[in-house]
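Reading through the structure tokens given below for one structure.
Any read-out appearing in this document is the output of simple, stated calculations on the displayed coordinates, not a laboratory observation. Source: prediction; values computed, not measured. Every residue, glycine among them, receives a Cβ derived from its backbone with ideal geometry; neighbour counts consider all protein chains shown.
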Amino acid sequence: MAKRKKSERQKLYNSIDPLWSRYIRSKYADDQRHAECYTCGKRAHVLDLQAGHFMSRRYHATRYDYDNTRVQCYSCNVGLHGNQYFFSVRLNTEHKSKASAVAARIKNIPPSIDQLKQLRAVLKLSLQRLPDDYWIRPKGTAGDSTEDN
């Protein structure tokens, strides 16, 4: 059976997802490139963290929503499927009813192809401002890989 050809939208998602993840992790990182898991508070190097979503990425309208995405550790993001309850509690401490506002936006129209292309360009520009070695693990730190997408 032949593989199904990916749509332009899916190709854009595949190219934006790693950029979005890097953007979110760098946005919340300190000068030593450490950030705190939004839901459990664990501090770690950005290479050991992920961009977690309150509402799943399958909801395309909120996939790249700034209010929907925060830094999470692997345990919370994958093991606890986003740790959604604590994610909502934290969102609501930022602004009353923020979690329900994000949840309501899943029904919005997803971004257009042109909007996705524009987002990709903006993310690339934003990430270019980081030092060349930002995504290379410093020697003597935990982790298996030397580089992260």
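I'm trying to understand the selection: among the residues of the stretch 26-55, which are polar (S, T, N, Q) and either under 21 Å from HIS95 (Cβ atoms) or crowded, with 18+ Cβ neighbours inside 10 Å (or both)?
SER26, THR39, GLN50
Are there strands (runs of 3 or more DSSP E) fully within the stretch 1-56 with at least 2 residues that are of a type outside the set (Gly, Ala, Ser) and over 12 Å from the mean Cα position of the chain (by Cα)? List them.
By residue number, 34-36, 43-45.
For the stretch 57-73, which positions are under 21 Å from GLN10 (Cα atoms), of a type outside the set (A, V, I, L, M) and not in a helix (DSSP H, G or I)?
ARG57, ARG58, TYR59, HIS60, THR62, ARG63, TYR64, ASP65, THR69, listed by residue number.
Hey, which of the helices (runs of 4 or more DSSP H) in the stretch 74-146, taking only ones fully inside, have at least 2 residues that are among the charged types (D, E, K, R)?
Ranges flagged: 84-94, 113-128.
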